[in-house]
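One structure is given here, and the rest of the page talks about it.
The values are calculated or read from the model by the stated rules, or taken from the named source; none is laboratory data. Only a predicted model underlies this, so the values are computations on that prediction, with no experimental measurement involved. Don't worry about glycine lacking a Cβ; one is built from the backbone with ideal geometry, like all the others, and counts go over all protein chains shown.
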Ligand code: SF4
């Protein structure tokens with residue numbers, strides 16, 4: 001099942017504060033990925049156990065600047081009260097690099113309080129494969145995931161070195177981490193910047209958008225509000241262990 005993506009207010013006031021073309025390009029990547037995952041779920045009949053949420057515990061995603069802006073716009077337009085959580089992280093390096101994602105909410109649908117706007121690595125987890133050094137595509141389901149009859153048949157047809165892994169021919173398709181990672185990078189408005197942990201990336205994006213909206217509306221700024229936060233060049237793409 002493909003869940004709907006988010007709707008944004010793209011009025012002129014917001015257009016001055018965000019990178020609309022980049023946000024739209026990112027949304028297209030998310031939409032294509034969600035469709036490919038839905039196709040793969042139909043083929044493999046793999047599904048997360050009901051109420052699992054295991055992949056969000058003790059995990060904080062690395063995200064790109066455009067993914068941070070997408071999340072920040074989603075929060076500011078749909079759940080402004082949730083930005084308080086990020087404001088509370090400011091100045092605390094331990095909280096900004098915490099192992100628990102600040103958007104994890106065990107009481108919300110799929111345990112993610114921003115499920116429709118969640119970043120790439122969260123979408124890819126459990127339903128994406130990769131190319132090995134020889135260029136062969138490989139896939140292994142998450143350890144928490146029960147193996148379906150359809151997937152067992154694929155294991156017999158396309159055996160691989162890993163106990164839960166398959167190495168299929170071109171008749172079987174599933175999303176590849178590298179392909180979608182490159183597409184998200186291509187959608188970025190800071191293409192040379194590296195990925196950053198979600199808490200600090202979203203905090204900076206929220207601050208930057210608020211400041212730009214203030215500037216656009218001609219509101220007076222206090223002395224500490226006058227610099228637009230930049231993205232540091234540091235870090236790297238982080239996927240999760242699915243073997
Ligand atoms: S953004 Fe959502 S899906 Fe991703 S780690 Fe945080 S809570 Fe989990």
*Quick one: in segment 85-133, of everything that is on the phi > 0 side of the Ramachandran plot and surrounded by fewer than 18 Cβ atoms within 10 Å (Cβ to Cβ), which residue is farthest from the ligand (Cβ to nearest atom)?*
91
*Could you grab me the full set of residues in segment 59-79 that are more than 10 Å from the ligand (Cβ to nearest atom) and not in a helix (DSSP H, G or I)?*
62, 64, 79
*Right, residue 143: within 15 Å of the ligand (Cβ to nearest atom) and either in contact with a helix residue (DSSP H, G or I) (Cβ under 7 Å, 6 or more places away or on another chain) or part of a loop (DSSP other than H, G, I, E, B) (or both) or not?*
no
*Hey, can you tell me all the residues within segment 179-197 that are surrounded by 14 or more Cβ atoms within 10 Å (Cβ to Cβ) and at pLDDT 95 or above?*
179, 180, 181, 183, 184, 185, 187, 188, 189
*Boolean, residue 208 is more than 16 Å from the ligand (Cβ to nearest atom), modelled with pLDDT of 95 or more, buried (at least 18 other Cβ atoms within 10 Å of the Cβ) and under 19 Å from residue 74 (Cβ atoms)*: yes
_Exactly one condition in (1) without any contact (Cβ under 8 Å) to a residue 60 or more places away in the chain; (2) farther than 19 Å from residue 184 by Cα; (3) exposed (fewer than 13 other Cβ atoms within 10 Å of the Cβ) is false for residue 35; which is it?_
(2)
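Listed here are the residues, each with its yes/no results for (1) part of a helix (DSSP H, G or I); (2) more than 14 Å from the ligand (Cβ to nearest atom); (3) within 20 Å of residue 193 (Cα to Cα); (4) over 19 Å from the mean Cα position of the chain (by Cα).
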{"site": "9", "(1), (2), (3), (4)": "no, yes, no, yes"}
{"site": "14", "(1), (2), (3), (4)": "yes, yes, no, yes"}
{"site": "18", "(1), (2), (3), (4)": "no, yes, yes, no"}
{"site": "28", "(1), (2), (3), (4)": "yes, yes, no, no"}
{"site": "32", "(1), (2), (3), (4)": "yes, yes, no, no"}
{"site": "43", "(1), (2), (3), (4)": "yes, yes, no, yes"}
{"site": "46", "(1), (2), (3), (4)": "no, yes, no, yes"}
{"site": "50", "(1), (2), (3), (4)": "no, yes, no, yes"}
